[in-house]
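Novice: Structure in structure tokens, see below.
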Amino acid sequence: QFTTRVVSCRAAELRPEGGGEPVPGFQVVLEDTILFPEGGGQPDDRGLIGDVPVLRVTRRGPEAVHFVPAALEPGAEVLLSLDWERRFDHMQQHSGQHLISAIAEQMFGFKTTSWELGRQRSVIELDTPLVTAEQVAALEKSVNEKIRDRVPVTVRELAADDPEVEAVRSRGLPDDHVGPVRVVDIKGIDSNLCCGTHVSNLSDLQVIKLLGVEKGKKNKTNLVFLAGNRVLKSIEQSHNTEKALTSLLKNGPGEHIEAVRRLQSSVKLLQKNNLNLLRDIAVLIARDFKSKPAPRQLFVLHRKEGDSEFMNIIANEIGTEETLLFLTVGDEKEAGLFLLAGPVEAVENLGPRVAELLGGKGAGKRGRFQGKAAKMSRRGEVQALLQEFVSHQNPEA
């Protein structure tokens, strides 16, 4: 917590990070602050000004701008409270990044070109097209050894024109930077120009887990990692998943993978058998229709189980030169598939109208129009439309 004064408060809008409508509120500048504004790859802090929540903190030149939902009186003395859990998480990830970047450069010559502190995991962009699994393992082993060595982390302030700044690892200063620069030192390992928040000793990182690498931008590799409490949360989540799988699969964790492989094989076999049965059913339905003594000009069928192939087999077997077919598959109350087949001119005329009635979309060519239907319950309206069309085409029918 920190006591300070309100310097200014003006109406503003906040655009949510996930998109959506802007949130009305106020931008507040304080005499000083303990809330970190976003920057340097690190997200901003959260907290309270009195009992008013701080929804975002950004930097405007040398000032930290706090976005709040309620107005604050300029000149008023206020108590600023920090969301420590969020801050400490960011400290662990940011100091972890400094350590990983320094050791990766020392061991393999991989320079860090950027990084991102994400909500679930963090990513370091390395200036190399390839990082091997062996290098990842060696890097993880080395950074955790440094954590166990309890190496101090300190912060220095230097003038921007101090010659020492040239010897510090840096990706450059922002164009609007003013005043002194901060240097974060990991004793004997790294000196880095940085505006972010950090632990005071590597032991506060607890542990670092490198989750592996992903392909990055051209000739770059993204290294994914977790630090500190995020590792513990990840283990807890994995353990809960493991317990659930043990209950479902009725075997131990070491046998889960083989059990899932067996299940996958069984499902593939069942799907193949089911597809063969659907094909047989489609042929039988078509033959039954064709065996009727008096040919009909309209054939309508709905089946809960089926797919596009099922419907097309029926259309192929019946023939569409003289008969108009309207076939649907899917749950009556949910979305499904439809096929309108028959004489080319009739299908071209009726297809878009059928799709519109079913609240769906489709396309067609050569006497077939098929697509997805959102309103399967309106099949009766389609059938009435088709029956009316057939009656007009052949009044004697």
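Novice: Tell me which residues, restricted to the stretch 301-314, are open to solvent by 50 Å² or more (accessible area, probe 1.4 Å) and assigned to a strand (DSSP E or B).
Specialist: Across the stretch 301-314, the qualifying residues are 302, 303.
Novice: Please specify each residue of the stretch 13-45 satisfying the condition of being in a strand (DSSP E or B) and not aromatic (Phe, Trp, Tyr).
Specialist: If the condition is that a residue be in a strand (DSSP E or B) and not aromatic (Phe, Trp, Tyr), then 13, 14, 23, 24, 25, 27, 28, 29, 30, 39, 42 are the ones that fit.
For (1) of a type outside the set (S, T, N, Q); (2) open to solvent by less than 90 Å² (accessible area, probe 1.4 Å), each residue gets a yes or a no:
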{"site": "115", "(1), (2)": "yes, yes"}
{"site": "125", "(1), (2)": "yes, yes"}
{"site": "129", "(1), (2)": "yes, no"}
{"site": "144", "(1), (2)": "no, yes"}
{"site": "147", "(1), (2)": "yes, yes"}
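Novice: Would you tally the residues in the stretch 53-77 being open to solvent by less than 20 Å² (accessible area, probe 1.4 Å) and either among the β-branched types (Val, Ile, Thr) or over 17 Å from residue 12 (Cβ atoms) (or both)?
Specialist: Number of matching residues: 4.
Novice: From 182, 169, 230, which residue is surrounded by 15 or more Cβ atoms within 10 Å (Cβ to Cβ) and touching a Cys at 6+ places or on another chain (Cβ under 7 Å)?
Specialist: 182
Novice: Which condition number in (1) touching a Pro at 6+ places or on another chain (Cβ under 9 Å); (2) under 30 Å from residue 133 (Cβ atoms) is the one that residue 157 fails?
Specialist: Among (1) touching a Pro at 6+ places or on another chain (Cβ under 9 Å); (2) under 30 Å from residue 133 (Cβ atoms), the lone unmet condition for residue 157 is (2).
Novice: Go through (1) open to solvent by less than 30 Å² (accessible area, probe 1.4 Å); (2) under 24 Å from residue 116 (Cα atoms) for residue 175 and report which single condition fails.
Specialist: (1)
Novice: Can you find a residue in the stretch 233-242 that is open to solvent by less than 30 Å² (accessible area, probe 1.4 Å) and not assigned by the TED database to the domain that holds residue 367?
Specialist: No, there is no match, as no residue in the stretch 233-242 is open to solvent by less than 30 Å² (accessible area, probe 1.4 Å) and not assigned by the TED database to the domain that holds residue 367.
Novice: Does residue 283 satisfy being part of a helix (DSSP H, G or I), more than 30 Å from residue 375 (Cβ to Cβ) and at pLDDT 90 or above?
Specialist: no
Novice: Let me confirm something: among 72, 99, 48, 80, which residue is part of a loop (DSSP other than H, G, I, E, B) and hydrophobic (A, V, I, L, M, F, W, C)?
Specialist: Being part of a loop (DSSP other than H, G, I, E, B) and hydrophobic (A, V, I, L, M, F, W, C) holds for just one of 72, 99, 48, 80, which is 72.
Novice: Let me ask another. Which ones in the stretch 3-16 are more than 17 Å from residue 63 (Cα to Cα) and surrounded by 14 or more Cβ atoms within 10 Å (Cβ to Cβ)?
Specialist: Within the stretch 3-16, 14 is the sole residue that qualifies.
Novice: Counting just the residues of the stretch 328-352 that are touching a residue at least 24 places away in the same chain (Cβ under 8 Å) and of a type in the set (Asp, Glu), which one comes out farthest from residue 316 (Cα to Cα)?
Specialist: Only one residue tops the list, namely 334.
Novice: Could you tell me whether the stretch 159-167 includes any residue that is aliphatic (A, V, I, L, M) and either in a strand (DSSP E or B) or not assigned by the TED database to the domain that holds residue 107 (or both)?
Specialist: No, that holds for no residue.
Novice: Tell me, yes or no, whether the stretch 266-273 has at least one residue that is free of Cβ contacts under 8 Å to residues at least 40 places away in the same chain and surrounded by 12 or more Cβ atoms within 10 Å (Cβ to Cβ).
Specialist: no
Novice: Quick check on my filter: what residues within the stretch 353-377 are open to solvent by less than 70 Å² (accessible area, probe 1.4 Å) and part of a helix (DSSP H, G or I)?
Specialist: 354, 355, 357, 376
The values are calculated or read from the model by the stated rules, or taken from the named source; none is laboratory data. None of these values were measured; they are calculated from a predicted model. Cβ coordinates were reconstructed from backbone atoms using ideal geometry, including for glycine residues, and neighbour counts include every protein chain displayed. These accessible areas exclude ligands, DNA and RNA; they are computed on the full protein's heavy atoms, side chains included. Shrake-Rupley method; radii C 1.70, N 1.55, O 1.52, S 1.80 Å.
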